[in-house]
Amino acid sequence: VITATEGGGKTTMMLNFARNFAVRGSNIVYVTIESVNSDIARRILTIHSAVNYNRIMKGGDSMEGGLCPHIMSELKAAKDDLCEGGAAKRFHQIQVLEYTPLDVIFRHINRRRAYSPIDVVFVDYLQVIGRENKYGERVDQEIAYVSGKLRAWGRANNVLMITANQIKTGKSAKLQEAKTDDDEIRITKADTSGTKEIAGAADYMFGVFIPLLKDRLVLYSTKTRMGRDTQRDVLSYEIGRASC
């Protein structure tokens with residue numbers, strides 16, 4: 001489970017993971033709920049090419065921030081590389097509406113599995129998946145139930161499941177005010193919004209933090225089932241790709 005503030009890098013980290021898995025030979029299904037497939041495809045292309053996604057959003061042919069001939073050639077080269085290397089064929093997308101029930105999402109995934117094996121499934125993200133089990137005002141329990149079903153389905157089908165969750169509101173405010181990535185700032189499994197069941201069910205928890213005024217991404221990883229202390233890694237965030 002990847003956890004971050006709203007707009008704090010959850011999807012960015014998931015797409016970097018997905019691109020790396022596909023490039024290295026794994027078959028991927030990426031379920032997008034808030035975005036559309038075309039946006040996800042463009043972001044994968046910019047990650048692979050190390051072209052800033054904002055250039056596509058801005059448009060035009062400016063050398064400073066648009067799609068000048070050099071940038072267009074970089075994007076075309078990346079597209080050709082993804083296709084010729086087979087990564088594009090291994091990266092499958094499923095787009096559903098917000099609050100689509102999990103069983104419907106599983107049906108979509110199973111249809112894809114009928115045509116080719118699947119190694120890794122990304123579901124982006126827990127809070128926007130439809131919740132069939134209601135616990136009154138305990139929305140956290142509803143989200144934990146969804147997380148548990150994802151984990152159980154993955155284990156039953158020998159598929160790695162990766163999803164994302166929001167950070168607790170109080171910790172989120174502190175992170176948004178932070179201007180540095182010093183050691184005093186840490187995201188642990190205790191910062192996951194919802195119940196402890198979400199962190200307890202996950203094999204790994206990844207906290208993502210993008211400091212203000214910093215061209216980097218800080219990753220906090222905890223192997224929850226082994227009781228390992230949180231490990232902190234700073235990833236360079238060069239233009240479009242997060243890499244060690």
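The values are calculated or read from the model by the stated rules, or taken from the named source; none is laboratory data. Everything numeric here is computed off the predicted structure, so don't read it as measured data. All Cβ positions, glycine included, derive from the backbone under ideal geometry; neighbour counts span all protein chains shown. Side chains are part of the model used for accessible areas, which takes the heavy atoms of the whole protein and leaves out ligands, DNA and RNA. Shrake-Rupley method; radii C 1.70, N 1.55, O 1.52, S 1.80 Å.
Quick look at the values:
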{"read-out": "Förster-model FRET efficiency, 25 Å R0, K174 and E132, C-beta, rounded to 0.05", "value": "0.15"}
{"read-out": "MRE, 222 nm, helices only [DSSP H, n ≥ 4, -39500 (n - 2.57), over the chain, to nearest 500]", "value": "-12000 deg cm²/dmol"}
{"read-out": "Cα radius of gyration and Dmax for region 77-172 (Å)", "value": "15.8, 52"}
{"read-out": "Set of lysines with alpha-carbon distance to K223 below 25 Å, sequence-local pairs under 8 removed", "value": "K10, K149, K168, K171, K174, K189, K196"}
{"read-out": "Neighbour-limited loop hits for GluC sites (Glu not before Pro), region 50-113 (at most 12 other Cβ within 10 Å; DSSP other than H, G, I, E, B)", "value": "E64, E98"}
{"read-out": "The chain: Rg to Rh, with Rh as the Kirkwood radius over Cα pairs", "value": "0.97"}
{"read-out": "Loop-located trypsin sites (Lys or Arg not before Pro) in region 1-109 whose Cβ has at most 14 other Cβ within 10 Å (DSSP)", "value": "R24"}
{"read-out": "Eligible lysines near K79 by straight Cα distance, threshold 19 Å, same-chain separation 8 or greater", "value": "K89"}
{"read-out": "Solvent-accessible area per residue for region 1-65 (1.4 angstrom probe, square angstrom)", "value": "42"}
{"read-out": "Residues in region 91-107 that a label on N157 would reach, taking backbone N under 14 Å of a point 7 Å out along Cα→Cβ", "value": "92-95, 102-107"}
{"read-out": "Value of relative contact order over the chain, rounded to a whole percent, pairs C-alpha under 8 Å and six or more apart", "value": "25"}
